[in-house]
1. Just one of the numbered conditions (1) of a type in the set (Asp, Glu); (2) modelled with pLDDT of 85 or more; (3) outside any helix (DSSP H, G or I) is not true of Asp20; which one?
2. Give all pairs with beta carbons closer than 8 Å in which a residue from the stretch 9-23 that is among the aromatic types (Phe, Trp, Tyr) meets a residue that is part of a loop (DSSP other than H, G, I, E, B); count only pairs at least 6 apart in sequence or on separate chains.
3. Would you tally the residues in the stretch 23-46 being under 13 Å from Arg8 (Cα atoms), modelled with pLDDT of 80 or more and not aliphatic (A, V, I, L, M)?
4. Restricting attention to the stretch 81-115, which residues are at pLDDT 65 or above, over 11 Å from Leu47 (Cβ atoms) and among the aromatic types (Phe, Trp, Tyr)?
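The values are calculated or read from the model by the stated rules, or taken from the named source; none is laboratory data. Values in this document were obtained by computation on a predicted structure and should not be read as measured data. For neighbour counting, all protein chains shown are included, and Cβ atoms are generated from backbone atoms with ideal geometry for every residue, glycine included.
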Amino acid sequence: MPFCPKCRYEYLREITVCPDCDEKLVDVLPEEDTVESAKEYDNWVELAQLTSLPSTEMLLEALREKNIPAVIRSGTGYFGATGQMGPTSFQPAGGKYSLYVPEEFIVDTDHEAGLLLGDEWEESKLYDIDFEDNE
């Protein structure tokens, strides 16, 4: 299956250009820069669980622009949370996208995500962040 090198989505074989990014699809995704930088940290923290894929992607892009290492782990998977095929299996109810950042970037991430997502971020955080402890 081909992939978009920019948004990293997987497409059917008959599709050759990403409809969102207008990028030519590739057979193998190049390794992300964040993967290399991820190896530099051993203290990753699951900071939030978002339910909106567009918000998750927007946040990840904003964090990368600020040079904040971040990783998103999808709880939905290709065939959904239950592994069943069907019209609703690609975005099952309750699917979560977990945001992981190294511990030393928690405060910066919280600040950026709060500005970008507002109440959605506050509802997605897994714990309260005390700014005084991290400054």
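1. For Asp20, the exception is condition (2).
2. Cβ pairs passing all conditions: Tyr9/Cys18; Tyr9/Asp20; Tyr11/Met1; Tyr11/Pro2; Tyr11/Cys4; Tyr11/Cys18; Tyr11/Leu25.
3. Counting residues in the stretch 23-46 that are under 13 Å from Arg8 (Cα atoms), modelled with pLDDT of 80 or more and not aliphatic (A, V, I, L, M) gives 3.
4. Tyr97
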